[in-house]
Amino acid sequence: MKALRIFAKILLFPLTLVLTIFVAVAMFLVERCAGILNIISGIIFLGALAGYAQYLFGWPIGIAGQTSTLQLAIFATVFAFILSPYGLPMLAVWILAKLENLNDAIKAI
């Protein structure tokens, strides 16, 4: 039984090595991209606030109550949330955590 376990460890070593390197590189990239996406999300949200202001008060053009302006503002708010740290970066971190758990399970054999 012990020989079979050692054989499985030797056989699965390349997979654990690739998974370890992939998770480390991907986590580095996710951390860097999350900061950039956070800045973009803030800019989009400011645009959404301007859309709400135009819908409610007619600022800066003077035409209030257009439905297309409200739809665009709602879309921009949802898109800003998707790009925020609670959207795509959190999904990427969750997937990487699952891969790390898989890697740990393979190493525990």
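Summarising the amide proton neighbourhood of G58: residues at separation of 5 or more, or on other chains, whose placed amide H is nearer than 5 Å comprise G65.
Ordered by the count of other Cβ atoms within 10 Å of each Cβ, fewest first, K107, K98 give K98, K107.
Taken about its Cα centre, segment 4-107 carries a charge dipole of roughly 360 debye when the Cβ of each Lys and Arg holds +1 and the Cβ of each Asp and Glu holds -1.
Treat the chain as a sphere of radius equal to its Kirkwood radius over Cα pairs and apply Stokes-Einstein at 20 °C in a medium of 1.002 mPa s; give the translational diffusion coefficient in µm²/s, rounded to a whole number. All intermediate terms of the calculation are to be shown ahead of the outcome.
Numbers: Rh = 17.1 Å.
So the translational diffusion coefficient is about 125 µm²/s.
L12 label point, 7 Å along Cα→Cβ, cut-off 17 Å on backbone N: hits in segment 71-109? In segment 71-109, the label zone of L12 (backbone N under 17 Å from the point 7 Å along Cα→Cβ) covers 98-109.
Subtracting the Cα-Cα distance of I36 and L102 from 0.36 nm times their residue separation leaves 20.9 nm of extension gain.
Positive end of the dipole of the chain (Cβ unit charges, origin at the Cα centre): among F75, V93, S41, the Cα lying farthest that way belongs to V93. Taking a span of 30 Å or more along the helix axis (Cα atoms) and a mean Kyte-Doolittle hydropathy of at least 1.0 as the rule, the DSSP H helices of the chain that qualify are 2-57.
Every read-out reported here was derived from the displayed coordinates using simple, explicitly stated rules and does not represent laboratory data. Remember, it's a predicted structure, so these values are computed and weren't measured experimentally. Note that each Cβ is placed from the backbone with ideal geometry, even for glycine, and that neighbours are counted across all protein chains shown.
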